[in-house]
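As structure tokens, the structure follows; a few thoughts come after it.
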Amino acid sequence: MISTGRFTIELRKLVHYRHNTCSICGQGLVRGQPAYAGYNALERPVYTGECCRHFVAELASHIYWWWIDYPRPDRETMIWRYMDFAKLVAMFKDRSLYFARGDKLGDPYEGARGLASREREWKDYCLSFFRNAIVTAPGNNGPVPEEELASRSKQMYDDFVITSQRDRLLNFVSCWHSNHVESEAQWRLYAPSLPTGVAVRTKFGKLDDSLDQRFDVRGGFVQYVDYSNAFAGTYDKLFWKRSSLSHEAEVRIVHQQTQLSEPEVFGVSVPMDINNALDAIIVSPFAQDWFVDVVRETAKKFDVSTKIEKSQLLSEPFF
Ligand SMILES: [Zn+2]
């Protein structure tokens, strides 16, 4: 069957979240073996291995996966975002979720492949990979002259580096904290004006469903890694951070654009059905009662019906 290359956003999402399981029977897909992404006779997206291949009426593409690059959140994963009040008001006003451009997130390692001190090692590895690809390409008639081999592999490496650097500008990110419970540390880190801080809490699936489906977004758990002994791959580098940040327990949602925006565009607002996106809005444990009222009244003014609660973190103990 010839692949058509037609990927709807729905099919992309299915492949992303299913990754290693058949979407029809739930069986595990075998790494390194072809899986089939496409549509069934009713035009519904399907992603399957040999087990249910006969259901594929249109093949979009073969997919090969080799390792679990980063785990995907499931629909029930509880996520939080701690922020100052101004950002909440902006969310109400715009009825959208803000995604910041990769290079504007404040982490110098955002989208990095590895440590600069190991770049030479990485380059040598890539060059030998590209040389091998050129030599073993089907249709080669005889050996490739050394000069040509050197210049073609260098050209491939340079293109690869340019693509990697562009990725920081093409990817826009919304960062969330994954936790079953509220976190005092997050209040201190991300709601710096504590008495007027707020947090929003939801489940990953609920948020994902509420985002404008015309935007291609994908979620994943951030992997906290030691860059001194690892290089990030093309797709996982967007989900890698230094181990020193592991307290963030981040789930991030990434929106990738296909074309560079104007340089002054630092973020993208993805329209969101705000009344279905959130489970609750939590007001800082350090806030006074007047501020809780301000949050309630502001929500009402913007027709936001999400439940608003004062944090119980500082409820009085007894001894
Ligand atoms: Zn199956």
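The values are calculated or read from the model by the stated rules, or taken from the named source; none is laboratory data. Predicted model only: the values in this text are computed from it and were never measured. Virtual Cβ from ideal backbone geometry, glycine too; neighbours counted across all protein chains shown.
Got a number for residues in region 201-225 being touching a Lys or Arg at 6+ places or on another chain (Cβ under 9 Å) and either surrounded by 19 or more Cβ atoms within 10 Å (Cβ to Cβ) or under 18 Å from GLY111 (Cα atoms) (or both)?
Going through region 201-225 one residue at a time, the tally reaches 13.
If you take the residues of region 214-247 that are part of a loop (DSSP other than H, G, I, E, B) and of a type in the set (Ser, Thr, Tyr), which of them is farthest from MET78 (Cα to Cα)?
Going through the qualifying residues, I end up with THR234.
Wholly within region 16-115, which strands (runs of 3 or more DSSP E) include no fewer than the required count, namely at least 3 residues that are away from the ligand (no atom under 16 Å from the Cβ)?
Those strands (runs of 3 or more DSSP E) span 58-63, 78-84, 96-101.
Tell me, please, whether a residue that is touching a residue at least 24 places away in the same chain (Cβ under 8 Å), on the phi < 0 side of the Ramachandran plot and in a helix (DSSP H, G or I) can be found in region 135-151.
Scanning region 135-151 turns up no residue that is touching a residue at least 24 places away in the same chain (Cβ under 8 Å), on the phi < 0 side of the Ramachandran plot and in a helix (DSSP H, G or I).
Given the conditions (1) touching a Phe, Trp or Tyr at 6+ places or on another chain (Cβ under 8 Å); (2) touching a residue at least 24 places away in the same chain (Cβ under 8 Å), which single one is not true for ALA90?
Exception for ALA90: condition (2).
Pairs please, first residue from region 23-39 and farther than 16 Å from VAL56 by Cβ, second anywhere and within 13 Å of the ligand (Cβ to nearest atom) and of a type in the set (Ser, Thr, Tyr), Cβ atoms under 8 Å, 6+ apart in sequence or on different chains.
GLY28/THR21
Scan region 248-269 for residues that are in a loop (DSSP other than H, G, I, E, B) and under 30 Å from HIS180 (Cα atoms) and jot them down.
Scanning region 248-269 gives a single hit, ALA249.
Just to verify a result, which residue in region 289-315, among those that are part of a loop (DSSP other than H, G, I, E, B) and modelled with pLDDT under 95, is surrounded by the most Cβ atoms within 10 Å (Cβ to Cβ)?
That would be SER311.
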